[in-house]
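Participant: Have a look at this one before I ask anything.
The values are calculated or read from the model by the stated rules, or taken from the named source; none is laboratory data. Given the structure is predicted, the values throughout are model-derived calculations rather than measurements. Positions of Cβ are generated from backbone atoms using ideal geometry, with glycine treated the same way; all protein chains shown enter the neighbour counts. We work out accessible area using only protein heavy atoms, side chains counted, and drop any ligands, DNA or RNA first. Shrake-Rupley method; radii C 1.70, N 1.55, O 1.52, S 1.80 Å.
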Amino acid sequence: MGKNNHAATGGVLFKTGVVFDVGDDGRVRVRFDDIGLTSHWLTVCYPKTNQDKFYWPLDVGDQVRCIMDQYLEDGAVLGAIYSEVDAVPWASKDQVGMTLRDGGSFTYDRSTGTASVLTIGDLSATVGGALKATVTGDAVVKASHIELDAEETVIGGNLRVKGATMLEGGVGGAPGAGTPIPGDVVAENDVVAGDISVRGHHHDDPQGGETSEAKA
């Protein structure tokens, strides 16, 4: 840890200590090794606590900077500080973000404009209004199963499906409904409707006999 020191200004002490205990109400107890004293429960300074609430509890072992009264009976934790033991997690001053003890992280590089989000478990997001995303490059989504639950899905460009396609509701929105296709339908292999094969289908020739099978 860094040096445990204090400076007095008008009866107020600025001291460096280590979190000794963490309460459920956001307060902590701090151990000041330089004087062999553990504080009473101290409040922790957060950016906002009223209409907007920000809460990020400290952990036991965090090195913190405190402001204390001259008798060390009351005070507040201004925040955690880095030291030689707990060093800044990134070497670049352009890296912004956080790393968590379970391995999750969020980072943003101001020099490249690149962001990275890593969650060890599920990621859930609820949007009260519209969601708009603009990607100037490629977008790749990899998953074992993707489900879209929407009343209508509109695709503005071409759609290429590399695997099998199943239309459980029928083409046109309902079983038995027909949809005009303004162009040719091209199939590399046979097309089967019911039990009728386009390639193997025969019908009577008006000139007599039967037509031959369709050729590939």
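Participant: Would you check which residues across segment 48-64 are closer than 19 Å to residue 82 by Cα, of a type outside the set (A, V, I, L, M, F, W, C) and either assigned to a loop (DSSP other than H, G, I, E, B) or touching a helix residue (DSSP H, G or I) at 6+ places or on another chain (Cβ under 8 Å) (or both) and list them?
Facilitator: Residues of segment 48-64 that are closer than 19 Å to residue 82 by Cα, as a first pass: 56-64.
Among the residues that remain, those that are also of a type outside the set (A, V, I, L, M, F, W, C) are: 57, 59, 61-63.
Listed by number, the residues that qualify are 57, 59, 61, 62.
Participant: I would also like to ask the following. What pairs come out if I take residues in segment 120-145 that are touching a residue at least 12 places away in the same chain (Cβ under 8 Å) and pair them with residues that are of a type in the set (D, E, K, R) and part of a loop (DSSP other than H, G, I, E, B) whose C-beta lies under 7 Å away, six or more apart or interchain?
Facilitator: As it stands, the answer is 120/102, since those pairs meet every condition given.
Participant: Here's a check for you: in segment 72-87, which residue that is assigned to a loop (DSSP other than H, G, I, E, B) and surrounded by 10 or more Cβ atoms within 10 Å (Cβ to Cβ) is farthest from the chain's Cα centre (by Cα)? Lay out the reasoning, then the answer.
Facilitator: So in segment 72-87, the residues assigned to a loop (DSSP other than H, G, I, E, B) come out as 72-74, 81-87.
Subset that is surrounded by 10 or more Cβ atoms within 10 Å (Cβ to Cβ): 72, 74, 81-83, 86.
Numbers: 72: 43, 74: 40, 81: 27, 82: 27, 83: 30, 86: 26 Å.
It comes out as 72.
Participant: Which residues, taken from segment 145-170, are small (Gly, Ala, Ser) and open to solvent by less than 100 Å² (accessible area, probe 1.4 Å)? Lay out the reasoning, then the answer.
Facilitator: Step one: filter segment 145-170 for residues small (Gly, Ala, Ser), giving 150, 156-157, 163-164, 169-170.
Passing the criteria: 150, 156, 157, 163, 169, 170.
Listed here are the residues, each with its yes/no results for (1) small (Gly, Ala, Ser); (2) closer than 24 Å to residue 95 by Cα.
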residue: 111; (1), (2): yes, yes
residue: 117; (1), (2): no, yes
residue: 120; (1), (2): no, yes
residue: 135; (1), (2): no, yes
residue: 144; (1), (2): yes, no
residue: 152; (1), (2): no, no
residue: 160; (1), (2): no, no
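Participant: What do you reckon, is residue 97 in a loop (DSSP other than H, G, I, E, B) and either modelled with pLDDT of 95 or more or open to solvent by less than 90 Å² (accessible area, probe 1.4 Å) (or both)?
Facilitator: Values: in a loop (DSSP other than H, G, I, E, B): no; either modelled with pLDDT of 95 or more or open to solvent by less than 90 Å² (accessible area, probe 1.4 Å) (or both): yes.
In short, no.
Participant: Any idea how many residues of segment 1-39 are surrounded by 14 or more Cβ atoms within 10 Å (Cβ to Cβ), outside any strand (DSSP E or B) and modelled with pLDDT of 85 or more?
Facilitator: 3
Participant: Go through (1) part of a loop (DSSP other than H, G, I, E, B); (2) within 30 Å of residue 20 (Cα to Cα); (3) not polar (S, T, N, Q) and name the single condition residue 139 misses.
Facilitator: (2)
Participant: So if I check each of 31, 101, which one is within 27 Å of residue 120 (Cβ to Cβ) and of a type in the set (Lys, Arg)?
Facilitator: 101
Participant: In addition: Does residue 127 satisfy the condition of being farther than 29 Å from residue 187 by Cβ, open to solvent by less than 100 Å² (accessible area, probe 1.4 Å) and out of contact with any Ser or Thr (no Cβ under 7 Å at 6 or more places or on another chain)? Let's see the steps before the verdict.
Facilitator: Working: farther than 29 Å from residue 187 by Cβ: yes; open to solvent by less than 100 Å² (accessible area, probe 1.4 Å): yes; out of contact with any Ser or Thr (no Cβ under 7 Å at 6 or more places or on another chain): yes.
For residue 127, the condition - farther than 29 Å from residue 187 by Cβ, open to solvent by less than 100 Å² (accessible area, probe 1.4 Å) and out of contact with any Ser or Thr (no Cβ under 7 Å at 6 or more places or on another chain) - is met.
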